[in-house]
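The block underneath contains the structure these notes are about, expressed in structure tokens.
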Amino acid sequence: MERPAWAPRSIDISVPSVARIYDYYLGGSHNFEVDREAARKAMKFMPGLPKIMQANRAFMRRAVRYALDEGITQFIDIGSGIPTFGNVHEVAQSADSGARVLYVDHDPVAVTHSQAVLAGNDDADVLAADLRKPHEILESPRLRRLIDLNRPVALLLVAILHFVEDADDPYGAVAELRDALAPGSLLVLTHASYEGIPLPPERSEGAVDVYKDIRNPLIMRSREEITRFFEGCDMVEPGVVPPPLWRPQTAPEDEDPYAFSGFAGVGRTA
């Protein structure tokens, strides 16, 4: 397999990557055949996976615009993945040229490609770090250069927490990040769940098993478990709901049924 110029020499391009699989679902070009094969295997069980990812991204863009309307111009996007059209900095900086965005990901391809996309943009940067080690994110000079933690921040955890197993204490990681934010900050997240998937459970489990096979287990949590991530926050209406139902700009009934899989929400820190 020939290694493209954008793929770091340090990565094994024969092993599927969650970030590149996500890029494939969104119609991106920064993925390999091994990623596409894993995606197609998952889609045999759950053909609406691209629709689920698209609904997540659409929610993210609405949440960014909501944050801007609330006067928040600082964004930390953890688990940001490979930049695609309509990413956080594009949405935020098109509305406010001074908006500042820090992307955080531990996938080398995501980091390398983000660096290329953000070249020359002094108000956006990318940090190679892991959500499971929040102190490394909070203490990073890259974060400190861009983000003033004494002012409200929008913290985005979109389609990332379901890749953090309970043994790695995802609730503790979110709480540590939340507690470092100024009052009036926003916690923005989406999370996979069996609830809302228009399929029998055994079909959905087949797609989940594909992620287990590539050693990136997909942890499906209930609405109640997902709501726990917002402890210490005041929920922004309409609360924790399927992505198309969070402050929709188009009629939700026009959405694909798969778009209602999982949950999304925004909470405001006290």
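Heavy atoms only, probe 1.4 Å: what % of the accessible area of the chain goes to carbon and sulfur, would you let me know?
Here it works out to 49 percent.
Could you work out the helix-only [θ] at 222 nm for the chain, with each DSSP H run of four or more residues adding -39,500 (n - 2.57) and the total divided by the number of residues, to the nearest 500 deg cm²/dmol?
Using -39500 (n - 2.57) per qualifying helix, the result is -11000 deg cm²/dmol.
Among 189-196, 16-23, how do they line up by average Cβ neighbours within 10 Å per residue, starting with the highest?
Top to bottom by mean Cβ count within 10 Å: 16-23, 189-196.
Loop only by DSSP, 16 or fewer other Cβ within 10 Å of the Cβ. Give me the GluC sites (Glu not before Pro) in the stretch 136-174 that pass, ordered by residue number.
Answer in residue order: GLU139, GLU165.
How big is the gap, in Å, between the Cα center of the stretch 214-229 and the Cα center of the stretch 43-74?
17 Å
Can you pull out the trypsin sites (Lys or Arg not before Pro) in the stretch 199-270 that DSSP calls coil and that have at most 15 other Cβ atoms within 10 Å?
Answer by residue number: ARG215.
Could you quote the convex hull projected area for the chain, Cα atoms only and averaged over all directions, in nm²?
So the Cα hull casts an average projection of 13.5 nm².
So which GluC sites (Glu not before Pro) in the stretch 206-246 pass both tests, a DSSP loop state and at most 16 other Cβ atoms within 10 Å of the Cβ?
Those satisfying the criteria are GLU231.
Points 7 angstrom from Cα along the Cβ direction at ARG142 and SER222: gap in nanometres?
Distance between label points: 3.8 nm.
Would you mind getting the accessible area per residue of the chain, heavy atoms of the protein chains only, 1.4 Å probe, in Å²?
With the other protein chains kept in place, the chain gives 45 Å² per residue.
Treating only the Cβ atoms of Lys and Arg (+1) and Asp and Glu (-1) as charged, compute the dipole magnitude of the stretch 8-115 about its Cα centre; round to the nearest 20 debye.
My answer is approximately 380 debye.
Mind checking which of VAL111, VAL91, VAL126 has the largest fluctuation in a GNM of the chain, springs on alpha carbons under 10 Å?
Maximum fluctuation in the GNM of the chain, among the listed residues, is at VAL91.
The values are calculated or read from the model by the stated rules, or taken from the named source; none is laboratory data. Note that this is a predicted model, so its numbers are computed, not measured. All Cβ positions, even for glycine, are placed from backbone atoms using ideal geometry, and neighbour counts span all protein chains on display. What goes into the accessible areas is simple: the full protein's heavy atoms, side chains included, and nothing from ligands, DNA or RNA. Shrake-Rupley method; radii C 1.70, N 1.55, O 1.52, S 1.80 Å.
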